[in-house]
1. Just to be sure, is residue 456 of a type in the set (Ser, Thr, Tyr), closer than 25 Å to residue 357 by Cβ and either crowded, with 22+ Cβ neighbours inside 10 Å or at pLDDT 95 or above (or both)?
2. Considering only segment 97-111, state which residues are within 23 Å of residue 458 (Cβ to Cβ) and more than 19 Å from the chain's Cα centre (by Cα).
3. State the number of residues belonging to segment 487-504 that are buried (at least 19 other Cβ atoms within 10 Å of the Cβ) and either free of Cβ contacts under 8 Å to residues at least 24 places away in the same chain or under 21 Å from residue 390 (Cβ atoms) (or both).
4. Has segment 106-113 got any residue that is open to solvent by 10 Å² or more (accessible area, probe 1.4 Å), farther than 18 Å from residue 273 by Cβ and in contact (Cβ under 8 Å) with a residue 12 or more places away in the chain?
5. Which condition does residue 74 not pass, out of (1) more than 13 Å from the ligand (Cβ to nearest atom); (2) closer than 27 Å to residue 383 by Cα; (3) open to solvent by 10 Å² or more (accessible area, probe 1.4 Å); (4) in contact (Cβ under 8 Å) with a residue 60 or more places away in the chain, if it passes all the others?
6. Limited to segment 462-486, what total is found for residues that are within 14 Å of residue 352 (Cβ to Cβ) and in contact with a helix residue (DSSP H, G or I) (Cβ under 6 Å, 6 or more places away or on another chain)?
7. Which one of these does residue 47 not meet: (1) out of contact with any Asp or Glu (no Cβ under 8 Å at 6 or more places or on another chain); (2) over 17 Å from residue 217 (Cβ atoms); (3) of a type in the set (A, V, I, L, M, F, W, C)?
8. Give me the helices (runs of 4 or more DSSP H) completely within segment 217-323, filtered to those with at least 1 residues that are under 30 Å from residue 510 (Cα atoms) and open to solvent by 40 Å² or more (accessible area, probe 1.4 Å), ordered by residue number.
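The values are calculated or read from the model by the stated rules, or taken from the named source; none is laboratory data. Predicted model, so just to flag it, every value in this text is computed and none were measured. Cβ sites come from the backbone with ideal geometry, for glycine too, and all protein chains shown count toward neighbours. We work out accessible area using only protein heavy atoms, side chains counted, and drop any ligands, DNA or RNA first. Shrake-Rupley method; radii C 1.70, N 1.55, O 1.52, S 1.80 Å.
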Amino acid sequence: MNPSSGDQKTINGINTAWWKEAVIYQIYPRSFCDSDGDGVGDLQGIISKLDYLAELGVDVIWLSPVYQSPNDDNGYDISDYYQIMEEFGSMADFDTLMQESKRRDIKIIMDLVVNHTSDEHHWFQEAQKSKDNLYRDYYIWKAPRQSTQGDSSASQPPNNWESIFSGSAWEYHSNTNEYYLHLFSKKQPDLNWENKAVREEVYKLMRFWLDKGIGGFRMDVIPFMSKREGFADIDYENFPDGLAEAYANGPKIHEYLQEMREQVMQHYPAFSVGEGPGISPEVAPLYVDEKRKELDMIFHFDHLQLDRENKDLWQKKDYRLQEFKEIFERWDESVGRKGWGAIYLGNHDTARIVSRFGQDGEHREASAKTLATLMFTQRGTVGIYQGDEIGMTNVQLDDISEFLDIQAINLYQERVVENGEDSAPLLAALNRFGRDNARSPFQWDQSEHSGFTSGTPWQTVNPNYISINAQDNVDSPNSIFHHYKQLITLRRAHSTLVYGDCQILDRENDNVYAYLREDERGKYLILLNFSEHSSEFTHKTIADTENAQLLIGTHGNEGELSSNTVRLAAYESRVYLLADKQ
Ligand code: NOJ
């Protein structure tokens, strides 16, 4: 039995577990807090902010990678899984972080990045030495494709696979006249999961961290680990959802995940949440159905795809609130009972949630609060990304030299430098969707560089830190921070908000997202106005509104449910208790 499943108590027919009720807070260590003035966030910086996180009320910290890395992709290119990145501190600092978090009842989960390593990892350093090196088969090497004339000087990559970070997914290695596969940057060679020795190495490093007492793993691009059979060319036309769909769900993925569970995870009181690009709600139960003993949850991407064209993720697409609602509904239907959902709106790879799904001008505060109300009233474990709890917004960068993310840099190189496209629309797209948005330093207070560092920050601080910062949020009882805090407390006190079934009301309403949450313990009504105008919600079907009690609202505690029609202010949200059945 997985010790994390606890005593198998059930609520609403669902096995309860501590991690199902938990709130996860993601830290991108580079951008969180710098303790030593080198301009880069670090572990001591995180330790110094644990009281802030304890006050917010989170249960788990997900640390984006803190392992040794040359930082081609900010730590997602690991050169030693057993060492802490020097810029972030030492293993002693990590151990202190564990102790100090434990003292505050906060668990740490690590980022498990094992689809690929850094090319500076010693396995790859060895592997590239010769074809018969012991580590050669840790990676995926293929001979060049010969031209039809058999002319080896005109050799090509083994197939047409594209890298998610632009260009071919193959890099030529002249010493051994073979190409290696890298689905991400060429400094991130893909590991060969077919090789049992690779899997054993991964299980060993997982045990190393679990033995330190961590609470589990967020697993990077986990559905990509098993590659398509035969390495034939891909007809991308068959994958309308893009590259992720083409690379995910390879033939052995479930075999590997079951093995990982059996060999490692089931022996620890820990949980796993897989990053799930390319996983649809139809396929998801194969990963998270409790009976299959693979992962506990996945972070799906459907809502992050909604405002982007599938064929070109950098093109904006309009969508209706109805579609947004349906995504949450479809996922809850797929994994809400059989497995478990992970509810999040943004992370270190996305635009800021208030700029993307809310409104970061006049209605920034209300919309940031309403997005939080949505997250904390959905079934699933909630994940917050650092800074969203104070309403941090996208950052405007005007020149490509200001973008530091490898994805942005490679894209610009390919489209503007090599293909001669106009730079203005691409810069606009990068400002809208790019990953640098989430990586601007945390805005702690009004002091220089937003209190993030006493040195020169590695990345541009958003100039709006004077008005948007943690200090002001903590000091002001009506702030976004306090709304998050109250929602966390509320969710803890009302288990129906965690385990209850969800029923959408007034589905066609394109301004208001309304739903009931219900189980044997209670019944709740949630109203979220996603419009920048006041909007109406009319309820015809709710019988028990008479004694409705407003538990939390973005616009104060006004708001009786006396008539059938409720008018909500711009981006207002409310949570009502309709029936306490206990
Ligand atoms: C997903 C991570 O979230 C992202 O930041 C990273 O670039 C890729 N995986 C590659 O590791």
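1. no
2. 97
3. 3
4. no
5. Answer for residue 74: the failing condition is (1).
6. 2
7. Residue 47 satisfies every listed condition except (1).
8. It comes to 243-247, 302-305.
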